[in-house]
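Taking it in order: structure first as structure tokens, then the write-up.
The values are calculated or read from the model by the stated rules, or taken from the named source; none is laboratory data. Computed from a prediction, not measured in an experiment: that's the story for all the values here. Here the Cβ positions follow ideal geometry from the backbone for every residue, glycine too, while neighbour counts run over all protein chains shown. Remember, those area values only see protein heavy atoms, side chains included, never the ligands or the DNA or RNA. Shrake-Rupley method; radii C 1.70, N 1.55, O 1.52, S 1.80 Å.
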Amino acid sequence: MSGELPLNINIKEPRWDQGTFMGRAQHFFMVTDPRNVLLSSETLEDARVTVQNYRAGIMKPGLTEDALWKAKYVYDSAFHPDTGEKMFVIGRMSAQVPMNMSITGSMLTFYRTTPAVVFWQWVNQSFNAVVNYTNRSGDAPLTVNQLGAAYVSATTGAVVTALGFKSLATRLPPIMGRFVPFVAVAAANCINIPFMRQRELKYGIPVTDENDNRLGESPGAAKQAILQVIVSRIGMAVPAMAIPPVIMNALEKKAFMKRFPLLNAPIQVGLVGLCLVFATPLCCALFPQKSSMSVSSLEPQLQERIREISPQTTTVYFNKGL
């Protein structure tokens, strides 16, 4: 589209209808596009300026609607939706596919020895801790002590879970051993995400009305947000950690794999990457990024405050995080 753009395009919201799964999937295919990791600081800054200027009613000459939406998605891929700060690169959702492809492929390849299980689970949960902190909801910062305690608790719990499951798998058929990383990761997500976002559970996350007016903070909204993120993360892991083991179990019986065992790791990493390219955006799309809940489900004190300052509001909205 060319010509003079109107100033009423709502780029605070996604381009596609977030009330449908397909609309959310289209949105997250853009947000999680791994090519965004390769964008230069200059490109990210240009996108930030374009988006913020448009919101302020300023347009650079020749700006088209497609270029505006492209800038919006580049901006969204690198800047936090609540704080506006540039996110640490490996914590961005656009880094999920390349980072998880390498880590998950390694976990599925090197699962037979205890040192390997400990090392790769530690690497994976350290990465998850960075992602969970980077994509937290709200704008309240964590102190260094809070962040350190959350990291130690999350990674320790995850590693202990993995070792416990590895011990259990020794009494099961060999094929089941290949699924130890998946079960451990699924269980560890239930530990890591709440620990890294424990401040939200204690103090709440910002809730707004439909016009983005901030109404207060709700621990109840935080619980709903974190539960949705846990479900999404486990869903992401299902194809990447359940399908490749079955394929690799069959391939390793083939003559060419016995002749070239070094192919095991790259083939496994490639299979994981293929699964993640689709699983990451599709599982992010399971729930709307801008979640909602009824005012009657909030804490009594917050309900009372909302009735005083915004009596017509019956539903509140919040960023669930990723």
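Here are the numbers for this structure:
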| read-out | value |
| --- | --- |
| Residue match in region 202-213 (condition: β-branched (V, I, T), more than 25 Å from N135 (Cα to Cα) and either out of contact with any Lys or Arg (no Cβ under 8 Å at 6 or more places or on another chain) or outside any helix (DSSP H, G or I) (or both)) | no |
| Qualifying residue in region 29-48 (condition: farther than 21 Å from M93 by Cβ, among the hydroxyl-bearing types (S, T, Y) and open to solvent by 20 Å² or more (accessible area, probe 1.4 Å)) | no |
| Selected residue (only one of P141, P173 is open to solvent by 70 Å² or more (accessible area, probe 1.4 Å), closer than 30 Å to E252 by Cβ and at pLDDT below 80) | P173 |
| Every pair of residues 6+ apart whose Cβ atoms lie under 6 Å, when the first sits in region 236-252 and is surrounded by 14 or more Cβ atoms within 10 Å (Cβ to Cβ) while the second is among the charged types (D, E, K, R) | P245/R178 |
| Top-ranked residue of region 246-302 - restricted to ones that are among the charged types (D, E, K, R) and out of contact with any Gly (no Cβ under 9 Å at 6 or more places or on another chain), ranked as nearest to M30 (Cα to Cα) | K290 |
| Filter result for D17 (closer than 26 Å to M236 by Cα, among the charged types (D, E, K, R), in contact with a Gly (Cβ under 7 Å, 6 or more places away or on another chain) and open to solvent by 80 Å² or more (accessible area, probe 1.4 Å)) | yes |
| Those residues of region 279-296 which are open to solvent by less than 70 Å² (accessible area, probe 1.4 Å) and among the small types (G, A, S), in sequence order | A279, A285, S291, S292, S294 |
| Residue check, K223 among the charged types (D, E, K, R) and under 21 Å from S77 (Cα atoms) | no |
| Region 296-322, residues that are of a type in the set (K, R) and more than 19 Å from the chain's Cα centre (by Cα) | R305, R307 |
| Residues that are open to solvent by less than 40 Å² (accessible area, probe 1.4 Å) and of a type in the set (A, V, I, L, M), drawn from region 210-235 | L215, A221, A222, A225, I226, V229, I230 |
| Matching helices (runs of 4 or more DSSP H) fully within region 1-94 where at least 3 residues are in contact with a helix residue (DSSP H, G or I) (Cβ under 6 Å, 6 or more places away or on another chain) and among the small types (G, A, S) | 65-78 |
| Qualifying positions in region 33-64 - closer than 24 Å to V97 by Cα and free of Cβ contacts under 8 Å to residues at least 40 places away in the same chain | L38, L39, S40, S41, E42, T43, E45, A47, R48 |
| Residue in region 61-70 that is more than 28 Å from R233 (Cα to Cα) and of a type in the set (S, T, Y) present | yes |
| L276 vs. criteria in contact with a Leu (Cβ under 9 Å, 6 or more places away or on another chain), farther than 18 Å from W16 by Cα and buried (at least 19 other Cβ atoms within 10 Å of the Cβ) | no |
| Test: residue in region 65-84 that is under 21 Å from M248 (Cβ atoms) and either in contact (Cβ under 8 Å) with a residue 40 or more places away in the chain or open to solvent by 20 Å² or more (accessible area, probe 1.4 Å) (or both) | no |
| Which listed residue is within 26 Å of the chain's Cα centre (by Cα) and in a strand (DSSP E or B), from M293, M236 | M293 |
| Those residues of region 278-290 which are of a type in the set (A, V, I, L, M, F, W, C) and outside any helix (DSSP H, G or I), in sequence order | A285, L286, F287 |
